[in-house]
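Participant: The structure under discussion is supplied below as structure tokens; questions concerning it will follow.
The values are calculated or read from the model by the stated rules, or taken from the named source; none is laboratory data. As the structure is a computational prediction, the values presented were derived from the model and not from experiment. Heads up, the Cβs are rebuilt from the backbone with ideal geometry, glycines too, and the neighbour counts pull from every protein chain shown.
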Amino acid sequence: MDFLMRPTPINKKFITPGVIILILLAINGLVFLATRFIFGLGATTNLCNQHPWGIWIAIDVATGVALAAGGFTSAALGHIIHRERYHVILRPALLTAMLGYTFVAIGVFVDLGRYYSIWHPLIMWNGTSPLFEVGICVMIYATVLYIEFLPIVTEKFIGKVKWKGILSKPIDSFLRFLDRGLGKTMFIFIIAGVVLSTLHQSSLGTLMVIAGPKMHPLWQTPILPLLFLFSAIAVGFPMIIFESLLASRSLGLKMEMDILSRLAKRVAPLLGIYLAVKLIDMVIRGTYIYLTEINVQSVMFVIEIVIGIIIPLRMLFSEQVLKSPLWLFVSASFVVAGVFINRINCFLVAYSAPYALDSYFPSVGEISVTVGFIAILVLIYRAFVMFFPIISLPDRRLTQKTKYSIMGGEK
Amino acid sequence: MPTQNRRDFFKTAAFIGASAASISSLPIKAATPEKLSENRMGVLVDTTVCIGCRNCEWACKEAHNLKTDSLNTYSDRSVLDKKRRPDEYALTVVNEYSNPKNQLLPTDVKVQCMHCDEPACVSACIVGAFTKHENGAVTWDSDKCIGCRYCMIACPFQVPAFEYSKALEPKIMKCDFCFDRTKEGKLPACVEICPAEALTYGKREDLIKIAHDRIKKQPDRYFNHVLGEHEVGGTSWLYLAGQDFAKLDFPVLGEAPAPGVTESIQHGIFAYFIPPIALYALLGGVMWLNKKKNKSEDEL
């Protein structure tokens, strides 16, 4: 007998050996972060006038935004196309997106020379700047994500506010009011979230277009925004698969293989479209000639295409891969790694500084801060799924309604 | 009749989609914030005249309150052995290159912001901290800048520099065409001090005529190209040289303004906000239909 799935806080011990390692990485990152704020960007990073952007932009911001795409792709599938069965993945994806965007904002904050002026774009507008558009969209979208997360908070606390005195009652009724209001208006935010995502995911690609000939022709194309959007859409589900398999393993839960392999089936066409557009663009612009030269750029381009698109695309066509948690995890990891490499390529490898004497490689400080942020993100994720009802577990009190046995099965 | 509704809906959606696509595909030219003044000024740099005395470097630092040694130290020509770039400590530098026509007479090239007519920095800056002024100068506003360094990514000449050593109030440093001096009717500091008259300050259109005149009069002396006349849509600073500019470390650039493609994309996506709104409506419609479908299935 199947039980209905229901989001439940996971009751597990927070501290494990892995968690201790993450805490150490986080502390290490924060120490280097302190040096950035005390001594300036020059002291902590390898950035210079020839290499104005480093991994804090390429990984923390650009890759961060791309890998948080699971939030809007799952919302589109679950809420807008309205496939009920995927509802179990919506909350974990939402949490990842919310935390992802929070750390994107923190990443930008850290990288800004004048971080205390980060609010300037709110009142100082420049419509011709794609960075302005990205900034504003990310700000609004992060807010939308927080609003989308609110019902999970109210669900956690309604009827459970146990403070002494007169406060507990008004707070409880406020939460109920919030919950009802959000329930009725949530569709506005869900659609807004998807629209905002398509806008800034693509505009992130527009960013590098203005670099013109400074960007290697293998990546420099007017359709860069389209490629960024397609790759973000393609990486959304693999990222959800990647993290839910990882989380199930780490938290000792049963893997949701049924849902995940259904999700994985949808990845291949998305990856295929991305690959097709990328290759057609390459043929039209004739940039394949650059592949005959052997240099960092051409090697990285081939790695990006083969590891990030072709291998996982082939894997996802195999029924065996779709059924095996390990192979599904491997193929999802390839897609994630591919987008990761693509963003690093676009922002760092492809950018050739015209007068650089040496090439850019991130400093120990930059790597420490980036790794530290990822560690903190994972720790917060773990804390959240233990405290809030996010991951769906079978609930013994709820049995399957009969309609599912009739309507079940997509085709 | 749900099927009828759906068909209607798709018709509407297709209409919205098509109209959005047609609007976004309109060729929209890169817009300069203000119309370029016909009287905008410029400087013609004749690298065949420059003697590499580097007095301009000193004068520039003096005019911008930057740390500098006394003018005497600038006669040390060993500095020229290395190629330098303008940075946060020097807004202009002179580099020396060998001259294939006369080994004894090296070519000296002064480098600074080119003050583009359609500047990438102005277009790219997230807060609009850069301004293209009526007199041709492109300046940076400390009160707006947030230190994102996107201008440095955008600049086709790789000119803006950033004060990486400062933890607070780091500035973007670049030549400001002596905006404060020219406002008072003075010459830019480098032009004023130049003893060889390698720098000519004047109306840009006059300078272009002078440049072509010089090439015409002495075709052996000059490489037949005025750098900056058409590059990335034209620049306020113009260069003459005795050899190919690529050999003098100038970037090889086309004539299209640097921000052109980006601005076309941006205007396409945001044509009167129609594409985003159309997408919102489309998604809303899909959501509504799917919900309805689900409900009717529930009732079965």
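Participant: Out of A:GLY54, A:GLY71, I need the residue that is closer than 22 Å to A:ILE391 by Cα and buried (at least 22 other Cβ atoms within 10 Å of the Cβ). Which one?
Facilitator: Result of the check over A:GLY54, A:GLY71: A:GLY71.
Participant: Restricting the search to region A:142-183, which residues are in a helix (DSSP H, G or I), charged (D, E, K, R) and at pLDDT below 85?
Facilitator: Those that are in a helix (DSSP H, G or I), charged (D, E, K, R) and at pLDDT below 85: A:LYS169, A:ASP172.
Participant: Kindly indicate whether any position in region A:215-227 is closer than 30 Å to B:GLY268 by Cα, buried (at least 20 other Cβ atoms within 10 Å of the Cβ) and touching a strand residue (DSSP E or B) at 6+ places or on another chain (Cβ under 7 Å).
Facilitator: Of the residues in region A:215-227, the ones closer than 30 Å to B:GLY268 by Cα are A:215-227.
Cutting the leftovers down to buried (at least 20 other Cβ atoms within 10 Å of the Cβ) gives us A:215-216, A:218-221, A:224-225.
Pick out the ones that are also touching a strand residue (DSSP E or B) at 6+ places or on another chain (Cβ under 7 Å) and you get A:215.
Yes, region A:215-227 contains a residue that is closer than 30 Å to B:GLY268 by Cα, buried (at least 20 other Cβ atoms within 10 Å of the Cβ) and touching a strand residue (DSSP E or B) at 6+ places or on another chain (Cβ under 7 Å).
Participant: What number of residues within region B:164-209 satisfy the criterion of being part of a loop (DSSP other than H, G, I, E, B) and surrounded by fewer than 19 Cβ atoms within 10 Å (Cβ to Cβ)?
Facilitator: 13
Participant: Now, a different point. Within region A:30-64, count every residue that is part of a helix (DSSP H, G or I), closer than 19 Å to B:LYS166 by Cα, within 11 Å of another protein chain (Cβ to nearest Cβ) and β-branched (Val, Ile, Thr).
Facilitator: 3
Participant: Something else: Please determine, by comparing only the residues of region A:317-356 that are assigned to a loop (DSSP other than H, G, I, E, B) and touching a residue at least 12 places away in the same chain (Cβ under 8 Å), which one is farthest from the other protein chains (Cβ to nearest Cβ).
Facilitator: A:PHE317
Participant: Specify which of the listed residues (A:LEU275, A:LEU227, A:LEU279) is part of a helix (DSSP H, G or I) and either within 30 Å of A:VAL19 (Cβ to Cβ) or in contact (Cβ under 8 Å) with a residue 40 or more places away in the chain (or both). Step through it out loud before you land on a result.
Facilitator: On the way: A:LEU275 fails: either within 30 Å of A:VAL19 (Cβ to Cβ) or in contact (Cβ under 8 Å) with a residue 40 or more places away in the chain (or both); A:LEU279 fails: either within 30 Å of A:VAL19 (Cβ to Cβ) or in contact (Cβ under 8 Å) with a residue 40 or more places away in the chain (or both).
It is A:LEU227.
Participant: Could you tell me whether any residue of region B:244-265 is within 12 Å of chain A (Cβ to nearest Cβ) and on the phi > 0 side of the Ramachandran plot?
Facilitator: There is at least one residue in region B:244-265 that is within 12 Å of chain A (Cβ to nearest Cβ) and on the phi > 0 side of the Ramachandran plot.
Participant: Of the residues B:ALA14, B:ALA30, B:ALA18, only one is among the small types (Gly, Ala, Ser), modelled with pLDDT under 90 and crowded, with 17+ Cβ neighbours inside 10 Å; which?
Facilitator: B:ALA30
Participant: Are any residues in region B:210-250 assigned to a helix (DSSP H, G or I) and among the β-branched types (Val, Ile, Thr), and if so, which ones?
Facilitator: So in region B:210-250, the residues assigned to a helix (DSSP H, G or I) come out as B:210-217, B:231-233, B:245-248.
Correct list: B:ILE210, B:ILE215, B:VAL232.
Participant: Also, quick follow-up: If a residue has to be of a type in the set (S, T, N, Q) and away from chain A (no Cβ under 14 Å) to count, how many in region B:93-147 make the cut?
Facilitator: 7
Participant: I want to confirm something. Restricting to region B:266-294 and keeping residues that are within 28 Å of B:ILE153 (Cβ to Cβ) and either among the hydroxyl-bearing types (Ser, Thr, Tyr) or touching a residue at least 24 places away in the same chain (Cβ under 8 Å) (or both), which single residue is farthest from the other protein chains (Cβ to nearest Cβ)?
Facilitator: That would be B:ALA271.
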